[in-house]
Amino acid sequence: MTSLLALLLACAGSHKPDPESAAHAEAPPEAPADVATPQPERVVKRPSPSRAAVNADYGKRATDFAMRFHQQIADGNTATSGISAEIALSMLAAGARGQTQAEFETLFGAPVDEAWHIDNARALAAYNDTLGAELTVTNGLWTDTGFSLLESYSQLLTDDYRVQPAQLDFSDANTAAATINRWTQEHTKGMIEKLFEPPDVQGAKVVLANAVAFKGKWAVPFDLANTKPMPFHVGSESVDVPTMNATLEHLSYVDEEGFSAVAIPYQERATQMIIVLPDEGVELESVEARLDAQMLGRTTMSGRRPVNIALPKWQAEYSYDLLEPLAEMGLSTAFRGGDYSGMSEQALTLDAAIQKVVVKVDEEGTEAAAVTGIIMKTTSTAVAPPPVDFVVDRPFFWVIWHTETRSPLFTGRVVDPR
């Protein structure tokens, strides 16, 4: 017996932590200087999911949600970030229970369980470690002074969503809104200055936010000298708009029934812009309804060929109230009601959900930013073929595509680039 006890003690003393797990464990980011000290409650943190293990199915489900989200909101010129909305809503869904949790699973088309959150954690790591790209995806969480979150909820957001929970005095709505808006400016690289107005956060108990910022330079810039006015068809009209022109070698190009598409790489080649152009006489909406992860992915990996491309310059800002679109997508009772007992012992209701997006496309490349905010309150060598012509002179759909995760960062349509 004495020998057995000695052997067990020797084995226990020789145990060493897994160095690979330790290498992947990530400390949560520091809170901004203008945000109050984070809540001290903590539970034992489990190791962060591996950076190298993005689920192979992630791109399909992220693209599916992004396209459904885009189609629900699309009306004229549109730009959305399905990634920003899905991550913000996933943080909210982590606190949903009962029928409300079931509605989130209808919205996402999958169980919102530990595997779901780990998939998001791995995708976040991939986005923020995209080699050579100026791409950041950041999450924020603020609670009202004296309001307590459940430790399990707070820890999940810290572990899987890289959140540093912090407290604000929402009774001082001006200061609280200014703090969150400074966070917004910082994490959208100044492209979006304001997420909330003071009345929006008056009486808030919990605020969740996600910000996505992207800046990509074309692998081959368009020559400014070749930008000229060219006709673009808007309804029955034809209007002249500034249009960039170039012959680009080795572009991925597909010619499908009803539309053609190209993928234009950015400088670091880890991201691309996909342009989907309906054939003449084909409605843009009918083409959008056919787009999925497989079809968009095929566009980025098709055979390379030279393309004579004419692409309008455009820039725009958009702001969306998400409550009605998300209700149409399945969250029928989750707003101004719902069961969020997995977030706090106090009863909470979803008061507001908004998304703001800015996009600019010119000869150098693309800048795009999105922020999604959620406010919770209490109840109460071959011979090259000849170039093909790709003249974007009618409404089109566009995607900024993240190659590693095979998922869309931004989606949109341009029906009038003026």
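Structure data summary
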{"read-out": "Sole residue being touching a helix residue (DSSP H, G or I) at 6+ places or on another chain (Cβ under 7 Å) and over 22 Å from GLU280 (Cα atoms), chosen from THR378, THR405, THR349", "value": "THR405"}
{"read-out": "Cβ-Cβ under 7 Å pairs, at least 6 apart or on other chains, segment 277-299 side closer than 19 Å to ALA62 by Cα, far side basic (Lys, Arg) and modelled with pLDDT of 90 or more", "value": "ALA293/LYS60; ALA293/ARG406; GLY297/ARG406"}
{"read-out": "Residue that is within 17 Å of the chain's Cα centre (by Cα) and either at pLDDT 90 or above or surrounded by 20 or more Cβ atoms within 10 Å (Cβ to Cβ) (or both), where the choices are ALA334, ALA368, ALA352, ALA347", "value": "ALA368"}
{"read-out": "Top-ranked residue of segment 380-404 - restricted to ones that are crowded, with 22+ Cβ neighbours inside 10 Å and either under 15 Å from GLY297 (Cα atoms) or within 23 Å of the chain's Cα centre (by Cα) (or both), ranked as modelled with the lowest pLDDT", "value": "PHE396"}
{"read-out": "Helices (runs of 4 or more DSSP H) contained in segment 283-387 and holding at least 3 residues among the polar types (S, T, N, Q)", "value": "293-301"}
{"read-out": "GLY373 buried (at least 16 other Cβ atoms within 10 Å of the Cβ) and touching a strand residue (DSSP E or B) at 6+ places or on another chain (Cβ under 7 Å)", "value": "yes"}
{"read-out": "First in segment 326-339 and within 9 Å of GLN99 (Cβ to Cβ), second anywhere and surrounded by fewer than 19 Cβ atoms within 10 Å (Cβ to Cβ), Cβ under 7 Å, 6 or more apart", "value": "THR333/GLN99; GLY338/THR349; ASP339/ARG97; ASP339/GLY98; ASP339/GLN99"}
{"read-out": "Candidates PRO229, PRO221, PRO242, filtered to the one that is outside any strand (DSSP E or B) and modelled with pLDDT of 95 or more", "value": "PRO221"}
{"read-out": "Segment 187-227, residues that are crowded, with 21+ Cβ neighbours inside 10 Å, under 20 Å from GLN167 (Cβ atoms) and not aliphatic (A, V, I, L, M)", "value": "HIS187, PHE196, LYS205, ASN210"}
{"read-out": "Matching option when the condition is acidic (Asp, Glu), out of contact with any Asp or Glu (no Cβ under 6 Å at 6 or more places or on another chain) and within 16 Å of LEU157 (Cβ to Cβ), among ASP144, ASP119", "value": "ASP119"}
{"read-out": "3 or more residues more than 25 Å from TYR320 (Cβ to Cβ), under 14 Å from the mean Cα position of the chain (by Cα) and outside the structural domain of THR188 (by TED's automatic domain parsing): qualifying helices (runs of 4 or more DSSP H) within segment 55-164", "value": "none"}
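The values are calculated or read from the model by the stated rules, or taken from the named source; none is laboratory data. Because the structure is predicted, anything quoted here is derived from the model rather than measured. Note that each Cβ is placed from the backbone with ideal geometry, even for glycine, and that neighbours are counted across all protein chains shown.
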